[in-house]
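Shown next, in structure tokens, is the structure this report addresses.
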Amino acid sequence: MSASFRKGSFIGWTRFQHGDFQCTVVTDGPLKIGPPANGFPKADPNEIKALLTAAFLPTDSTTLNQNLLIVNTGESLVLFDTGCGVNQSFGKSSFGPQVGPDIGRAISNMRATGIDPEDIDLVAITHAHPDHCWGLVDDTGNRLYPNAKIAISATDYDYWTDLSHIPEAPTQHKKDAFSGAHYNLLPYRDHLVFVKDGKQVVPGITAHAAIGHSPGHHIYAIESRGET
Ligand SMILES: [Zn+2]
């Protein structure tokens, strides 16, 4: 351990090569979502406990690691999802006080890697849940990726930005899911690319439908020099 390494500090990014593509992963910080039963209400609590114990993780709370992939294809700089972001009224308050001060670090970690958010050409959104799209704008609603297009399915865009769902949403957190998606995605409404199953978004990156977790959830296959 080097002398400069402090207990509790961490490096917020890593980099690797995938074919000809340079890949960088930055963290937006750990998202603590409280007791496991909140996030996985239909799962057997004993099974959750056994899985967490086997992975040397605490059993009283769940942490989602918000790791964001940035792929430099040589032609395009593509960010996949955004983390919960910096907005106090969404990213932090919606998940409650247990979230702590550690989220909303994507932009500073990105800059630490030498990547300027202004240079991102495309933000490829898998689905419009809070930890995937709430980092698109800053605290005042300005686009954090001012030169980027946003790739998302029309189904997810239409569903999650439709504020008429709010009255019937059963919890404040679910209501926030609609208002937060609306707040983050509407500033990009003239910069959208609607993804379709099996269609390329940029050379080497193809969207595939993975519907279920969200109405229009898509995943992305990243292929370079025979590696996928
Ligand atoms: Zn989700």
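Taking the range 57-68 as the range and being under 22 Å from ASP20 (Cα atoms) and open to solvent by less than 40 Å² (accessible area, probe 1.4 Å) as the test, only LEU68 passes. Screening the range 115-135 for residues that are touching a Phe, Trp or Tyr at 6+ places or on another chain (Cβ under 7 Å) and among the aliphatic types (A, V, I, L, M) and picking the one that is farthest from the ligand (Cβ to nearest atom) gives ILE120.
Looking at the structure I just gave you, is VAL193 more than 16 Å from the ligand (Cβ to nearest atom), hydrophobic (A, V, I, L, M, F, W, C) and open to solvent by 10 Å² or more (accessible area, probe 1.4 Å)? Criteria met by VAL193. Could you tell me whether the range 59-67 includes any residue that is within 21 Å of THR14 (Cβ to Cβ), touching a Cys at 6+ places or on another chain (Cβ under 6 Å) and in contact (Cβ under 8 Å) with a residue 12 or more places away in the chain? No: the range 59-67 contains no residue that is within 21 Å of THR14 (Cβ to Cβ), touching a Cys at 6+ places or on another chain (Cβ under 6 Å) and in contact (Cβ under 8 Å) with a residue 12 or more places away in the chain.
Considering the range 114-149 alone, what residues qualify as being in a loop (DSSP other than H, G, I, E, B), open to solvent by 10 Å² or more (accessible area, probe 1.4 Å) and closer than 21 Å to LYS199 by Cα? Matches in the range 114-149: ASP121, THR126. Checking each residue in the range 201-228 for being out of contact with any strand residue (DSSP E or B) (no Cβ under 7 Å at 6 or more places or on another chain) and more than 16 Å from TRP160 (Cβ to Cβ) picks out PRO203, GLU223, ARG225, GLY226.
Taking the numbered list (1) farther than 14 Å from ASP28 by Cβ; (2) of a type in the set (S, T, N, Q); (3) part of a strand (DSSP E or B) in turn, ASN65 passes all entries but (1). With respect to the conditions (1) surrounded by fewer than 19 Cβ atoms within 10 Å (Cβ to Cβ); (2) in contact with a Phe, Trp or Tyr (Cβ under 7 Å, 6 or more places away or on another chain), ALA221 lacks only one, and its number is (2). A count restricted to the range 57-83 and to residues that are at pLDDT below 90 and either out of contact with any helix residue (DSSP H, G or I) (no Cβ under 9 Å at 6 or more places or on another chain) or closer than 18 Å to ALA177 by Cβ (or both) stands at 4. Taking the conditions (1) within 16 Å of the ligand (Cβ to nearest atom); (2) in contact (Cβ under 8 Å) with a residue 60 or more places away in the chain in turn, VAL202 satisfies each one other than (1).
What are the residues in the range 205-228 that are within 16 Å of the ligand (Cβ to nearest atom) and of a type in the set (Gly, Ala, Ser), if any? Listed by number, the residues that qualify are ALA209, ALA210, GLY212, SER214, GLY216. Within the range 136-163, the set of residues being over 16 Å from LEU77 (Cβ atoms) and within 16 Å of the ligand (Cβ to nearest atom) comprises ILE152, SER153, THR155, ASP156, TYR157, TYR159, TRP160, THR161. The set of residues in the range 200-216 that are part of a strand (DSSP E or B) and either under 12 Å from LEU122 (Cβ atoms) or not polar (S, T, N, Q) (or both) comprises GLN200, VAL201, VAL202, ILE205, ALA207, HIS208, ALA209.
The values are calculated or read from the model by the stated rules, or taken from the named source; none is laboratory data. Only a predicted model underlies this, so the values are computations on that prediction, with no experimental measurement involved. For neighbour counting, all protein chains shown are included, and Cβ atoms are generated from backbone atoms with ideal geometry for every residue, glycine included. With ligands, DNA and RNA removed, areas are computed over all heavy atoms of the protein, side chains included. Shrake-Rupley method; radii C 1.70, N 1.55, O 1.52, S 1.80 Å.
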